[in-house]
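The values are calculated or read from the model by the stated rules, or taken from the named source; none is laboratory data. Since we're looking at a predicted model, the values are computed, not measured. All Cβ positions, glycine included, derive from the backbone under ideal geometry; neighbour counts span all protein chains shown.
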Amino acid sequence: MTSFSLLCALLPGLALAEPREFDIAPQPLASALNRLAAQGGLQVIFDGNLVQGKSSRGINGRHEPEAALSELLQGSGLTWRATGSTSVTLEPAAQSSGALELGATSIVGQAYSSVSPDDGYVAKRSSVGSKTDTPLIETPASVSVITREQIEAQQPKTVAQALRYTPGVNTELAGPQFVVDQLSIRGFQQGTGRMLRDGTRTFLPEFLGWDAPEPYGLERIEVLRGASSVLYGASDPGGQINLVSKRPTQQPLHEVQLQAGNLNYQQGAFDLGDALDDEGIWSYRLTGLFRETDAQTDHITNRRQYIAPALSYRPSADTEFTLLGEYQRQTGNFANSLPANGTVFRDARGRLDRDTYVGDSAYDFMTNEKTSLGYVFEHHFDETWTLRQNVRYSNYRQASSEIALFGPAGGGQYSRYSDQRKGDGRLFTVDTHVQANFATGPVEHTLLSGVDYNNGKFDQQQALDFILQSFDPFQPVYGQPLSTVPFSFASYEQKLSQTGVYLQDQLRIDNWVLLLGGRYDWAVNQKDDRAPQTQKDEKFSGRAGLVYLFDNGLAPYLSYSESFLPVMGTTADGTQLDPETGKQYELGLKYEPPGSNSLYTVAVFELTKQNVTETINGFSRQEGEVRSRGVELEAKTELAPGFNLIGSYTWNDVEVTQSERGNKGNTPFRTPEHMASLWADYQLQGGSLNGLRLGAGTRYVGSTFGDAQNSFKVDSYVLVDAMVSYELGKLDASLKGVELALNASNLFDKEYVAGCFNDMGCQYGQQRTVYGTVTYNW
């Protein structure tokens, strides 16, 4: 079946001949046509094969849409013909008299794939929910995509910050951590060590998962909410975060960027890409960054070096091989925890300052180093069969020393302990699958069959020492000799491996889309320490989903999915612990108004995690259960050219439904019941202020409990963010490509506690940060 692309940015009532303002840079023809559709109010219909490998010189200035389209098609061997008052069809110039029939079910794709750059804030496709390039409206699951344009506008410095306006995700629940991302999805924690990178797993144990991927190196961030073991194997039931790397470009890309801000923030970055030959067979991308900034907490400075080379080989339209490399080194430390008395509650001496430091700079440090190399391969044998393989090898090194509070010592003093860790690890992941597109009678199939394999080896050491000298956080004294008493030391080697085979079919008949999937996993976990352990688990996971696509853009869906996560250890009688499992039911509605660049979603879900492991009197028991139910709403829309709006709301009722520790009926700590956010920005389209962009957003996070016993609460908070940018080229042609921007987070500098995990584990939220940016593109 022929693949077509439909780019819809239809503005009702617009006359085809009305002049419009265009600003389209040289780029691949498919993406140039997408921008023309958005800026010119056209519906452009074309066979995807017609534009494969073609490029456009771009166009600027005020033109009639049909003249702009003709300019974009210069040298492409294509022409166009009007098929409606605001729609055109592309076809080879030599066959311009022929008619092209396009049936309703023939529209199966857009110019953008799930890994290529999106135009604006509204992504229409993703592979994170199916491992196939599928329209979001046809995916029976909750998926949010943070596009490159949104990342550039909001300027997040961590993945967690990039997800601030995403429903179902509680970001920065442990305060402003720049060395690790700590967040939760649907009430279940999701650390950096379990995120996906380009669709492959990065499952890391213990503290080797302390990592904060660099958002400047990402093309997009995809969030799949809910259980997903059928696709990705062992995982928590809350969901998955997929980080999509920047890919090589066939068109020239040259960007340099300088940033400065409060807290002595300094950053320099570059992003380069181009074809390496005239035919565009070889292309490259090179992204790099250096950052240095003081932390909100005194005596901590965070530094990061990052570089990511990529090389693509495209010998034909059917074959692509992309090599992806990455190196990142960061130093600094955690934002330390403070007692609830003095943060959540007012102490007799007042409240602790946000910059209070309870460690000692002579002892505290952290260094994380990560190197990875992998490739993404895709080959289309014919219109039916496609082979894909993702491979990644990663090496991790980590060393840290941190002094933290242990508990009250009387007289306003606190005892402390030191936590010293060292580790290195290697992780190899490979995912290979075959996709077949075919029909059986009236049913169209997208059949996926594959196998993935993960193998890791990790060496870790941890020493815990009790510090004899007490400490007063209200009147800290640093640099004093410290006496310590060792009370714990662990050194072990851990080996993890998992093999999974999976089968999935996406069936479409008329307006119905049915998804069925199953997977079987074998996992082995070996731990070599004073009491060596070897644990073997195997588990089947299933999923099913059904979507109905109404002609008016509405798409109700229903889905069921499962998850599992192996747990290392034994019960009191020596029985091996079973995997923790999850089951989710979800009912949702998606709406993509025809002729608009918008996507609205609402989802109602109930998620249960079973076999939750609890430690009682030093022994593990698996009688715990946590239930998460809720409602999520998300809106992403371009209301008018240059006017973007993002809105979200989350109601999440999370409850411990079974517990042997007396926590039944409680809500896990750092889990808000309500969250909401709204962001809007507008770029002026003409007049004396053409090129000016203004944006602002607000975020609400509801109150949370501060410990597992629910003995105290942490207040809710509301924050405001803002941005302004200006393209100097609109003012003076000699400054074309130069953009100035100013971003502020927590604009009104609200002081708040982000969350607590016990009465000694509270973290303040991020103070106001302001960054100024100069970007030059040529």
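Touching a helix residue (DSSP H, G or I) at 6+ places or on another chain (Cβ under 6 Å) and closer than 21 Å to Glu214 by Cβ - does that describe any residue in the range 327-346?
First, the residues of the range 327-346 that are touching a helix residue (DSSP H, G or I) at 6+ places or on another chain (Cβ under 6 Å): none.
Checked against the condition, which is being touching a helix residue (DSSP H, G or I) at 6+ places or on another chain (Cβ under 6 Å) and closer than 21 Å to Glu214 by Cβ, the range 327-346 yields no hits at all.
Does Thr637 qualify as being in a strand (DSSP E or B), on the phi < 0 side of the Ramachandran plot and buried (at least 17 other Cβ atoms within 10 Å of the Cβ)? Walk me through it before giving the result.
Numbers: in a strand (DSSP E or B): yes; on the phi < 0 side of the Ramachandran plot: yes; buried (at least 17 other Cβ atoms within 10 Å of the Cβ): yes.
Criteria met by Thr637.
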Note down all Cβ pairs under 6 Å where the first residue falls in the range 148-169 and is within 24 Å of Leu263 (Cα to Cα) and not assigned by TED's automatic domain parsing to the domain that holds Val631, the second is buried (at least 24 other Cβ atoms within 10 Å of the Cβ) and of a type in the set (Asp, Glu), and they're at least six residues apart or on different chains. Thr158/Asp181; Val159/Asp181; Ala160/Asp181
Among the residues of the range 713-726, are any among the small types (Gly, Ala, Ser), touching a Gly at 6+ places or on another chain (Cβ under 6 Å) and at pLDDT 95 or above? yes
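Of everything in the range 653-688 that's small (Gly, Ala, Ser) and assigned to a strand (DSSP E or B), which residue is surrounded by the most Cβ atoms within 10 Å (Cβ to Cβ)? Please lay out each step first, then the result.
First pass over the range 653-688, keeping only residues small (Gly, Ala, Ser): 659, 662, 665, 676-677, 680, 686-688.
Adding the requirement that they be assigned to a strand (DSSP E or B) leaves 676-677, 680.
Numbers: Ala676: 18, Ser677: 21, Ala680: 16.
Selected residue: Ser677.
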Filter result for the condition that a residue is in contact with a His (Cβ under 9 Å, 6 or more places away or on another chain) and modelled with pLDDT of 95 or more, over Gln435, Gln389: Gln389
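Give the residues of the range 584-624 that are closer than 30 Å to Asp119 by Cβ and over 23 Å from the mean Cα position of the chain (by Cα), sorted by residue number. Walk me through it before giving the result.
If we filter the range 584-624 for residues that are closer than 30 Å to Asp119 by Cβ, which is where we start, we get 586, 588-603.
Scanning the range 584-624 gives Pro593, Pro594, Gly595, Ser596.
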Hits in the range 149-163 (condition: buried (at least 22 other Cβ atoms within 10 Å of the Cβ) and of a type in the set (D, E, K, R)): Lys157
Total residues in the range 345-377, condition buried (at least 20 other Cβ atoms within 10 Å of the Cβ), of a type in the set (A, V, I, L, M) and out of contact with any Leu (no Cβ under 6 Å at 6 or more places or on another chain): 2
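For the structure I just gave you, tell me whether Asp707 is buried (at least 18 other Cβ atoms within 10 Å of the Cβ) and either under 25 Å from the mean Cα position of the chain (by Cα) or within 20 Å of Glu638 (Cα to Cα) (or both). Reasoning before the result, please.
Working: buried (at least 18 other Cβ atoms within 10 Å of the Cβ): yes; either under 25 Å from the mean Cα position of the chain (by Cα) or within 20 Å of Glu638 (Cα to Cα) (or both): no.
So Asp707 fails the test.
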Which residue, of Gly755, Gly761, Gly765, is in the same structural domain as Thr293 (by TED's automatic domain parsing), out of contact with any Lys or Arg (no Cβ under 9 Å at 6 or more places or on another chain) and buried (at least 19 other Cβ atoms within 10 Å of the Cβ)? Gly761
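The rows are residues; the columns are (1) part of a strand (DSSP E or B); (2) touching a Phe, Trp or Tyr at 6+ places or on another chain (Cβ under 8 Å); (3) within 30 Å of Gly588 (Cβ to Cβ).
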{"site": "Gln240", "(1), (2), (3)": "yes, yes, yes"}
{"site": "Phe270", "(1), (2), (3)": "yes, no, no"}
{"site": "Asp274", "(1), (2), (3)": "yes, yes, no"}
{"site": "Gly280", "(1), (2), (3)": "no, no, no"}
{"site": "Thr297", "(1), (2), (3)": "no, yes, no"}
Of the residues that make up the range 690-702, is at least one surrounded by 18 or more Cβ atoms within 10 Å (Cβ to Cβ) and hydroxyl-bearing (Ser, Thr, Tyr)? no
Lys527, sole failed condition from (1) at pLDDT below 90; (2) within 30 Å of Tyr591 (Cβ to Cβ): (2)
Where residues in the range 704-719 are among the polar types (S, T, N, Q), touching a strand residue (DSSP E or B) at 6+ places or on another chain (Cβ under 9 Å) and not in a strand (DSSP E or B), which of them is farthest from Asn663 (Cα to Cα)? Ser716
Candidates Gln610, Gln584 - the one that is in a strand (DSSP E or B), crowded, with 17+ Cβ neighbours inside 10 Å and either in contact with an Asp or Glu (Cβ under 6 Å, 6 or more places away or on another chain) or modelled with pLDDT under 90 (or both): Gln610
